[in-house]
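Reviewing the structure listed below.
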Amino acid sequence: MEERERPSTAGPTHGTPEAAEPDDREPWAPDLRLGAPTPRVALVVIAAVALVAILYAGREVLAPFVLGIFLVFLLDPPVEWLARRGIGRAWAVLLVYLTVIAIVVVLIAITAAPLIAQVRKLIDELPTLIETIRTQLITLLERLGVPADVVAAIRDALAHLDQTLGGMDPSMILPFLTSIFSFVGSVVAFLIVPVWVFYVVRDRPAVTGGLEAGIPEGWRGEVRAVTAITTNVLGRWVRGQLVLASAVGLATLAGLLVLGVFVDPIFLRFSIILAVLAGFMEMLPIIGPIISAIPAVILGATVSPLALVAVFLLYLGIQQLENTFLVPKIQGDAVELHPAAVLFVIVLGGAVYGLLGAILAVPIAAAARDVYRYFFRRLSDHRSDLARAVARPPGSLPPAESP
């Protein structure tokens, strides 16, 4: 980080009270405070706002490149590791590409056929499952002493729903399933994304150097710091979410297989589809695990109270283990936000950019928080705070004190 002395606009202050160093400051700490905004800063802000507006206007066609950024964060660390060992970046990217393709092919070969079979079985058995839930719900309401007219109204509504599902063409459900996994299909559909990712990862040092050369020398320290903070948060989130989604999906699959053997075989029939849903919904903090648990709990309710309680405890136990052991070790405090803030930014991101916006809202908000903390300290009047701010690794700043 470059050290810049703020130009003094006042006359000599030696011997004056203003020149005295307060007790809580350390006289050796350099003056790292930011200077007053300049017309050049205003130009950059206007350009940034215009760029954001253009990107928002073209957001419909940018989804593949957003997914490409995910891939860049995933592939760049192994490429860097290989490059530091003397392998050219182009060959390193190619080697990582081949490894990833091999892993994807193996996963598809293992899971594709059983997953498709379970989806078809779910579509075939859906009317029967609805009828079972209807019967059990009516029985429960009658045992609880709900008034007969209310029970009759609920019975009529559920009967109408049952008739609708019974006469529905199974193909009508396919668009819904397709919409859930549309972002996965976009990776396959837009073949330009892997090529784009290849060039970005291969030429990242040159591209970074070229962009930095176009920035005024006095700004480069701030740009480096903000870039490091942002890439640290986003990179840790992307890689952490991949690990967490895989761990939750595998744990859910193992748990459902155990329930299928010891509780009821129905969990075996739909174990893969429920595990894939649990892994995918892990991308949405807080509400994702709840959404993924609902189908499994409903499935357990169609069998018996024991199955209902068992599958509920399974999902609850997996989430508690994840939040207690996996999240702190994998992500640390890179994306540590209050649950109220998480829910707010998820809803806001979903309203702005759909499902992809809801998924990306949390890491973007966390990166913005850390950038704000950095500049808050840079604008501080306490030199010792400033020295500590620039001495810490970007992205690991502690919460800023209240002004």
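Observations on the structure shown:
- q = 0.12, 0.14, 0.17, 0.24 Å⁻¹, the range 189-300: log10 I(q)/I(0) [Debye, one scatterer per Cα]: -0.65, -0.75, -0.89, -1.22
- Ranked list, fewest to most other Cβ atoms within 10 Å of each Cβ, for SER292, SER304: SER304, SER292
Values quoted throughout were computed directly from the atomic coordinates according to the rules given, and no laboratory measurement underlies them. Being a predicted model, the structure only gives us computed values, none of them experimental. Here Cβ is always computed from backbone atoms with ideal geometry, including for glycine, and neighbour counts include all displayed protein chains.
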